[in-house]
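No lab work stands behind these numbers, since they all come straight from the coordinates. It should be emphasised that the depicted structure is a prediction, and the values quoted were computed from it without experimental measurement. As a convention, Cβ positions derive from the backbone with ideal geometry for all residues, glycine included, and neighbour counts pool all protein chains shown.
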Amino acid sequence: MAKSSPSADMRLPKRPPDFNPPAFSQKRIRVTLDQEAILGEYQDVDMSDDSFHALPFADPSPMDRGVEIVEGGEANIQDICYGALCDVHASLSGWTAGKSLAQDGRPFQQFHIILHEDSFSLLSGKNEVVAVLDVDTCRALQCLHDHQGVRATAVVETSRLMQTPIKRSSKGIFPLSINIYGTQDEANEVGDKLSEMHAFLQHPFFLEPGYQYFNPQYIHLGGEMKCMTYLVGLSETEYRAIRISDEVERVFDSCDTVTRDGAETVLDAQPNAIITPLKSHQRAALAFIKRRENRDACQSANKSLRHFTGISPKDDIPSYSMGGLLADVMGLGKTLSMISAIVSSLRQATGYATAENRNFVSPASGCRSRATLVIVTSMQVLDVWEREVSIHVEPGTLKVCIFHGSGRPKSPEGVIDHDLVLTTYATLSADSNVLRVLQEIEWYRVVLDEAHWIRNQTSNQFRATESLSAERKWCLTGTPIQNRLNDFESLLKFLHFEPFSRTSVFQRHILEPLSKNTPDRAVNLRALLHAICLRRNEKYLNLPEPLYKEISVELGSEERQVYKSILKKCARDIDEVVSDRLKIKKYAILFAATMKLRRICNHGTLSFSQISLSATLPFGAGGEPDCDFCGSNDEDKLALLRENKFCTECGRSLSNTSRGPKLKSPGLVRGATPPTCAGDANVDQASLRSFLSPGHAPQGYSTKLLAVVGNLVKSPPGSKSLVFSYWTSTLNFLGGLLQQRGICFLRIDGRVTYNERLRILALFSEDPDIAVLLMSIGTGSVGLNLTVANYVHLVEPQWNPSVEKQAVARAVRIGQTRPVTVMRYIVKRTVEENILSLQQKKSALAKFTLDSGPEGESGKLEVRVSLLSLILPLCLSIPSPACLFYYQPWAISINDLCRTSNSSWT
């Protein structure tokens, strides 16, 4: 493209020091931009001059459009937004003052884009040229000149414009973005042309009302463009956090080979005592475990790592620990890989227990064991490990001890003469505070299953696991980082991986480099992970992707009326809190209202008689906890809640309520019985008649639950379905509806005992007449292998989308031979749609951060922000002082609102 003859003083730095715009490459890698770009010479223009042309894609729309992003409005079915060019700069024309271009009350200003000679300029609403775009952006726009249906709009953040100086020496340079609009038919061609110019479309900071955002450069699963409007409006800080988060995730995903020095990956031989043929990736995991348990190999790798990362002599503490992190995603068989390692090392373990010299480890006592201690999250998962041993290992190979319950050994002597000891985090925590049986033993190996459970370094389970003595320590988890990179530091402390397990070293050599905007910021983290971590993703499963179906449900008129009554009461309660008439914590109101609205979506008018209209009263009929975690009979869950004021799952206050269930499922036969169905001889017929009789049948109806049951009825012959819900009361109602239709089903929730659970799972797997298993999502989303099922029903969207993913993974894992269909039920125009939007927004944000603050405080703030995001938009339709308070233009942001007066929000 021809240029005017620019003068030297017209050369602009592409990246001014005070502005570092985010940039992501989508289809192609990001290209480093030149340090300087030349702007074409600009001048005042006579509007009647024929040399002045509006681009074919110049924005013809009036400039008086609002700045709010419209959600739920009618979309423009002809034009869409392809995204924004974000790495853009402009220079004010002449002595134009940026402040003069800003219209009061608008966070963003929009400008037409016009072409004059060889330059692209911004045109104000008064048809005046006010700024000239940089050359790189001009080249990108020029390639779209032939597309008659494509147009562009300049978007400038008002605060940036107001701060732009107008001195001749600075040239009034300011950053902006350019939204590109056009038809869906031209999207891919436009995306490819821009990619060829190394111009990559980002999420827009602002989107005009009535338009949807579809990015043609984004790699969409299935190849079909998906609506991405929910990503509009992310800030620079959020972009920067995403870039760091995505880079960390790429580093983890690069840890997928056993050797990284150019040699071929060596697969370990199949252990003789393992009955089941190991898959190649499991043999690779076994080889990795053996290599990390070889003292010489570990010392060599650890020494090289310390040298590479530049550890100072004062911090260069040799690490004598062996072990590491097996971080395969769900379903790849981490349990079988570790069992194979235990079987393969029996001879070495025996030698370790009888050796007189104790190199490198100095336990507090003289009690040494050949056993591998495995710590799991619950008795349910403990049973999974025990069954895996019975299925995959030759009988008599391993001597197993279950360290759990009141009958567990009371001294080390009752434990050490075993090959495998299984316990739970709760039992370990309880034991560490009293007898300290497990702490008194020097173990051959210690393994943490779901190791992210110790991420909170102030928790009892962290302190108990970190104090265990062993030469070899392993962390098994598909999610080594939950929210913060400090989660990974907790794992390093358990592994005693010096010097990186020390907070000061981890901060200086891992976190600080990541926070810098340099190309090599992740090299230290990559070197650390490549030394101790193995991670493989879903491609090793070689399974077809599950088919997701979203079932939209519309509330009936009576259900909608109940729903609105709860919403109105919430608005009134917020009014009273704002005016200080109601002495109750804001968080409690928002949480109670959210949970009740969600339950109305499930239960419709079935539950209306059981729910108070007050948004501030406790949940559950008759005071019964409806959460499967704090309302469970599981002693491990209850033990982890003993020192908590709130349930870690549902947030319910535990200070004035007893932990554990008070009542059984009302009027329903418990899932412990053989298949529950009308007329079955094994069913408690008196209880069943009580539920089905007119006097006891629930009054009202639920559109959603009827839809769930309808889809279960229509399932093909031979299929089996898992039905997940957060609430036990939802399972109660579903069970009643299934019984009324004579459909056989089983049920598992937190109140089902250990032995009952085993019986239920065996029946569901083996009996072809049982097609439905109802499960509380807290109980059934971890540790179970249910590949016999090929349908998964998620009755309601979950607060944490990873919980839904874990539930689906019960069926989509190694051993699944049929395609799996996942049905998600969403009630339209309710809080459930807001939860979906929140999930999408959260998935688009940084998956984890560099935040080093206390986990509890950051977690509370996140919950508060989420609650406000869910409830307050719904209250907009209800006139009230509260809504006006929260939505005044001068009101503080939601984040600030949550941080203000923390004591009143906790």
For the pair Asp246/Leu758, report the inter-label distance in nm, with labels modelled 7 Å from Cα in the Cβ direction. 4.9
In order over region 117-127: 3J(HN,Hα) from phi, Karplus 6.51/-1.76/1.60, θ = phi - 60°, whole Hz, x for each Gly or Pro, gives 6, 9, 10, 9, 10, 9, 10, 7, x, 9, 6
Tabulate in residue order the Karplus-calculated ³J(HN,Hα) for region 383-392, using 6.51 cos²θ - 1.76 cosθ + 1.60 with θ = phi - 60°, rounded to whole Hz; enter x for Gly and Pro. 5, 4, 4, 5, 5, 4, 5, 5, 7, 9
Can you give the FRET efficiency for Glu558 and Ile219, using 1/(1 + (r/R0)^6), R0 = 41 Å, r = Cβ-Cβ distance, to the nearest 0.05? 0.35
Hey, with R₀ at 45 Å, roughly what FRET efficiency would Leu547 and Tyr701 work out to, going by the Cβ-Cβ distance, to 0.05? 0.95
Net charge over other residues, Cβ less than 11 angstrom from the Cβ of Leu543 (K, R count +1; D, E count -1): +1
Contour minus Cα-Cα span, Arg387 to Thr518, at 0.36 nm per residue, comes to 42.3 nm
Hey, what do the phi angles of region 798-813 turn into as Karplus ³J(HN,Hα) couplings, whole Hz, using 6.51/-1.76/1.60 and θ = phi - 60°, x for Gly and Pro? 9, 4, 9, x, 5, 5, 4, 4, 5, 5, 4, 5, 5, 9, 9, 7
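Which of the pairs Lys279/Lys805; Lys279/Lys714; Lys410/Lys473; Lys714/Lys828; Lys314/Lys334; Lys193/Lys805 have their Cα atoms more than 30 Å apart in this structure?
Details: Lys279/Lys805 24 Å; Lys279/Lys714 37 Å; Lys410/Lys473 24 Å; Lys714/Lys828 23 Å; Lys314/Lys334 37 Å; Lys193/Lys805 37 Å.
Checking Cα-Cα distances, Lys279/Lys714; Lys314/Lys334; Lys193/Lys805 exceed 30 Å.
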Quick one: which residues, 5+ away or cross-chain, put their amide H under 5 Å from the amide H of Phe206? H built at 1.01 Å from N. Gly233
Arrange Asp316, Asp296, Asp749 by Cβ neighbour counts within 10 Å, fewest through most, would you? Asp296, Asp316, Asp749
Environment charge of Gln816, counting only residues whose C-beta is closer than 13 Å and scoring Lys/Arg +1, Asp/Glu -1: +2
Taking 41 Å as R0, compute the FRET efficiency from the Cβ-Cβ separation of Arg463 and Arg818 and round it to 0.05. 0.35
For Cys367, Cys86, what's the fewest-to-most ordering of other Cβ within 10 Å of each Cβ? Cys367, Cys86
